[in-house]
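This report refers to the structure that appears directly beneath it.
All of the numbers you see were taken from the coordinates with simple rules; none came from a lab. Being a predicted model, the structure only gives us computed values, none of them experimental. Counting neighbours? That spans all protein chains shown, and the Cβs are built from the backbone with ideal geometry, glycine included.
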Amino acid sequence: MSTMTTLADVVAQGKELSTGGLQLWLQENVVPLLLLAVAVLLLWIGGGKGDNAGVMRRVGGVVIALAIIGFAVSGAGVDIGEWLSGLFTG
């Protein structure tokens with residue numbers, strides 16, 4: 001007979017519940033899956049019509065959006081903001 005652990009069992013054992021595993025999985029897997037989905041859609045929609053320039057414009061926008069997501073996830077946004085403000089304030 002197999003034993004199935006339930007939420008009540010975990011709480012009764014005094015183990016801590018967290019979302020760390022879910023956050024790590026999202027960071028490692030969702031971004032590549034989104035990239036793949038966007039690439040397939042762009043090639044399917046634009047490439048089928050022969051609009052290669054339109055596809056490349058969209059890819060440029062996707063790359064910029066992914067860079068912004070990367071800065072947000074890595075925490076480098078503060079450093080980049082300080083660097084940009086330093087360009088204007090000297």
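Table for the structure above
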item	result
Convex hull volume per residue in cubic angstrom - Cα atoms of the stretch 25-89	69 Å³
Net charge over other residues, Cβ less than 11 angstrom from the Cβ of L42 (K, R count +1; D, E count -1)	+1
